[in-house]
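One structure below.
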Amino acid sequence: MQRRKFLLKGLLGASLCVVFGSMAPSAMAQSGEIKIGEINSYSLLPAFTEPYRKGWQLAVEEVNAAGGINGKKLVVVSKDDSGKPADAQTAANELVSNENVVMLTGTFLSNIGLAVSDFAKQKKVFFLAAEPLTDAITWSKGNRYTFRLRPSNYMQAAMLVDEAAKLPAKRWATIAPNYEYGQSAVGIFKKLLSEKRPDIQWVDEQWPPQGKIDAGPIVQALANSNPEAILNVTFGADLVKFVREGNTRGLFKDRSVVSFLTGEPEYLDPLKEETPSGWIVTGYPWYSIKTPEHDAFLKAYQGKFNDYPRLGSIVGYQTIKAAAAILTKANSTDPEKMIAAAEGLSMSSPFGQITFRKNDHQSTLGAYVGKTALKDGKGVMVDSVYRKGEDFLPSDAEVEKLRPKD
């Protein structure tokens, strides 16, 4: 009898879970809210993620002030992944299972973006990756449930290669963090530059662990290889240490440097008076962009936060604007309808019109390319030009070879 009671209790509990699980989306709809989940490395990378959070908070306010998602209030539930892929997957599971979010957004590090993308594929949950730059997320490991906002490593490498190929330098060395992002960035830059300049020699590669660079020996090793130009992919605190040691040892004297991301205020500002001049970089010169779209964003951001935006601010803002546009167009929280709505979706951004491509789910958001300079004791970007993302993406035929079939 006791065993029968226990089994009956268990069956009843399981039945209730299924019932409440199936009721959750309709209950959510009746509440007048649509919840989306957001995951990022807030505790690990505050320099980028705090402005990013401000960006998406501003976007949520604007979306709801304009009527929400077809009359329903947009709510963002945010979680910190601590910079660990396993924690990110746990957060994703909690957001979907406990918070009943209809979509996942965010992530910063490429390995974490790939982990959440894999979760999205397994659980059939829509995922809008904000920041991770690895090409794998839309190509070799791409899936129908994952879209990406930021210009990828391929796109930024292609933009930088256009400038790098003009340099007389033939002997090149590279330095990059030893994880997915760094490996991907170096790989595609070398491929694209070598295609344009078959005379290039790659004389050295340095792979410090992310966040733990021992800059002295690395700078010395690079100098010993006697390159004429250096590709840098370090960022954050690693970049500061690399630049400081490089300046001290004269590594950059009479050498060209091409650098991913260094023109972003998050990474340029901490260099202060140590900022090297003349590096070719991608970045965000917010102080010199004069377009109606950016002026409107800048005014709203400064009005709310009494601070200037970083690139993270743009990414956070546009991620939520894109999520809202997808949900509004789909007029449904069904993942398949959201995918159909997102494929080919065009929308405005602070950088102008962007589109999410149907073939690989990559947005055409572009980036600014310019040079570093020192002005009034701080680093700035000069001679910057906006490069449209669509001009630096491979053709449909090429993507078909790179991306697995859904």
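The values are calculated or read from the model by the stated rules, or taken from the named source; none is laboratory data. Bear in mind that the values here come from a model prediction, so they are computed numbers and not experimental data. A quick note on method: Cβ atoms are made from the backbone with ideal geometry, for glycine too, and the neighbour counts reach across all protein chains shown. The area values use the complete protein model at the heavy-atom level, side chains included, leaving out ligands, DNA and RNA. Shrake-Rupley method; radii C 1.70, N 1.55, O 1.52, S 1.80 Å.
Tabulated results
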item: Over the chain, volume per residue of the alpha carbon convex hull, in Å³; result: 152 Å³
item: Angle in degrees between helix 110-123 and the longest Cα principal axis of the chain, rounded to the nearest 10; result: 20 degrees
item: Net dipole in debye of the stretch 236-288 [+1 Lys, Arg Cβ; -1 Asp, Glu Cβ; about Cα centre; nearest 20]; result: 240 debye
item: Contour minus Cα-Cα distance for Q122 and W207 (0.36 nm per residue); result: 27.4 nm
item: Two-decimal log10 I(q)/I(0) for the stretch 111-158, as the Debye equation yields it once each C-alpha is a single scatterer, q = 0.18, 0.24, 0.31 Å⁻¹; result: -0.45, -0.78, -1.21
item: Distant alpha-carbon pairs in the stretch 204-254 (separation over 13 angstrom), percent; result: 52 percent
item: Simple label model, 7 Å out from Cα along Cβ direction - E343 to L374, nm; result: 5.3 nm
item: Label-to-label distance, nm, for residues given as S277 and D254 (7 Å Cα→Cβ offset); result: 1.8 nm
item: Residues of type aspartates and glutamates that K378 reaches as a straight line, Cα spacing below 16 Å, ignoring anything fewer than 8 places off in the same chain; result: E264, E266, D269, E273, E274
item: Protein accessible area in the chain, 1.4 Å probe - carbon and sulfur %; result: 52 percent
item: Nearby aspartates and glutamates by direct alpha-carbon distance to K170 (threshold 16 angstrom, same-chain neighbours under 8 apart not counted); result: D162, E195, D199, D204, E205, E228, D254
item: For the stretch 87-136, the Rg and Dmax computed from alpha carbons only, in angstrom; result: 10.0, 31
item: Low-density loop cleavage sites - trypsin sites (Lys or Arg not before Pro) in the stretch 157-255, where at most 14 other Cβ are within 10 Å (DSSP); result: K166, K170, K212, K253
item: Partners for K401 among lysines (Cα-Cα distance below 29 Å; same-chain residues under 8 apart left out); result: K121, K123, K124, K141, K190, K191, K196, K337, K358, K388
item: On Cα atoms only, tilt of 2-30 relative to the major axis of the chain in degrees; result: 60 degrees
item: Spin-label model distance (nm) - K405 vs K304, 7 Å beyond Cα toward Cβ; result: 4.4 nm
item: Prolate/oblate/rounded label for the stretch 175-231 (Cα gyration tensor, a/c 1.5); result: oblate
item: Å² of accessible area per residue within the stretch 91-214, as computed with a 1.4 Å probe and no ligands counted; result: 34 Å²
item: Cα-based Rg / Dmax (Å) for the stretch 191-308; result: 17.0, 51
item: Dipole of the chain, positive direction: furthest Cα of Q201, I188, T319, with charges on the beta-carbon; result: T319
item: Residue-span extension gain [K358 to K73] - 0.36 nm each, minus C-alpha spacing; result: 99.8 nm
item: Residue (of A157, L128, S332) at the positive-pole extreme of the chain, dipole from beta-carbon charges; result: S332
item: Ellipsoid equivalent to the stretch 239-345 - semi-axes via the Cα gyration tensor, in Å; result: 37, 18, 12
item: Stretch gain in nm, segment R197-T291, where the contour uses 0.36 nm per residue and the Cα spacing is subtracted; result: 30.3 nm
